[in-house]
1. Using R₀ = 30 Å, calculate the FRET efficiency as 1/(1 + (r/R₀)^6) where r is the Cβ-Cβ separation of residue 150 and residue 221; round to 0.05.
2. What residue among 46, 13, 176 has the largest mean-square fluctuation in a Gaussian network model of the chain, using Cα springs under 10 Å?
3. Calculate, axis by axis, the spread of Cα positions in segment 228-309 along the three principal axes, and write the results as whole Å, longest axis first.
4. Once the Cα gyration tensor of segment 126-229 is diagonalised, what are the square roots of 5 times its eigenvalues, in whole Å and ordered largest first, as equivalent ellipsoid semi-axes?
5. Find the Rg to Rh ratio for segment 153-207, where Rh is the Kirkwood radius over alpha-carbon pairs and Rg uses the same atoms.
6. Scattering from the C-alpha atoms of segment 52-105 alone, worked out with Debye: what is log10 I(q)/I(0) at q = 0.14 1/Å?
7. Quick one: length gained pulling residue 195 to residue 139 fully straight, 0.36 nm per residue minus the C-alpha distance?
8. Who wins for biggest fluctuation among 284, 39, 230 in a Gaussian network model of the chain, springs between alpha carbons below 10 Å?
Ligand code: 0X9
Ligand code: CA
Ligand code: ZN
């Protein structure tokens, strides 16, 4: 379980229970599906939020994912915050109402439940990052999910081939079941040859950053990223960062990564995908800020999330180009 000072965070069981309570309370606008299982067999969930939630309407879709990295527990709280906010304010807050009336929102609140539970299982944090998949021929456990996505996998010294490393990319692209499950889910949102998901945020901690692709190269443009596409990413990224006080930059400015989710979502699926690195910027316990910060640091991203949702019908509008 979480140690003293952290009991406001949700364990996997507590998060599941809270989600089930919300689904029972708001069945018209919130539905839950199990999109697959983790290596150890835990359910990986996708929550859908929309008016007429049981119908697949022709509306722009937006994806929020959290907890690729086990120790980044604040990101699960971010997902739960969004679930609570977008359900409880429907019909009361005009912005939230309009968004749910015209968008289909997907939230995958926990991409790495095995790692998250392992991190807290002893009652003191283990600083675990990867999943809990064993590695053939090694006693070292785990793949870094955010180096395992099937786009430019292992291309560019942005990951490790050593199972003992924190950024171990796995033996092959999408070798981690958790990455397979979410990749398959994202691909399933291609309807009539068109990817319905237009924008995404993958939540991490920490450093207070808004990051956009690509991570595998320092080039702002090049194959797979036109000038207009780059400008759209940067303009919207800076706009969102102005609302939460994070620092906006291309993800490779932090460091080179290959096989990260945002590079796959953009490079393979052409989804405007951002990575948010949440609180703290530094200090405050790093990956382990006390539960007293949860309310403030999740609500801090409300405006950025609403703006992304409002922009999702035509993301290019932010640079003045429709369609
Ligand atoms: O290294 C990572 O995966 C992220 N930092 S973390 O401390 N949460 O592990 C940063 C990823 C930045 N690169 C991309 N988003 N592509
Ligand atoms: Ca709908
Ligand atoms: Zn992370």
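1. E between residue 150 and residue 221, to the nearest 0.05, is 0.85.
2. Maximum among the listed residues: 13.
3. Cα spread of segment 228-309 along its principal axes, largest to smallest: 40, 27, 19 Å.
4. Details: eigenvalues 135, 65, 41 Å².
So the equivalent ellipsoid measures 26, 18, 14 Å along its semi-axes.
5. Numbers: Rg = 14.4 Å, Rh = 13.6 Å.
So for segment 153-207, dividing Rg by the Kirkwood Rh gives 1.06.
6. -0.45
7. Details: separation 56, 0.36 × 56 = 20.16 nm, distance 3.99 nm.
Extending this stretch completely gives an extra 16.2 nm.
8. The residue with the greatest mean-square fluctuation here is 284.
We did not get these values from a lab; they are worked out from the coordinates using the rules stated. These numbers were taken from a predicted model, which means no experiment stands behind them. We place every Cβ from the backbone using ideal geometry, glycine too, and count neighbours over all the protein chains shown.
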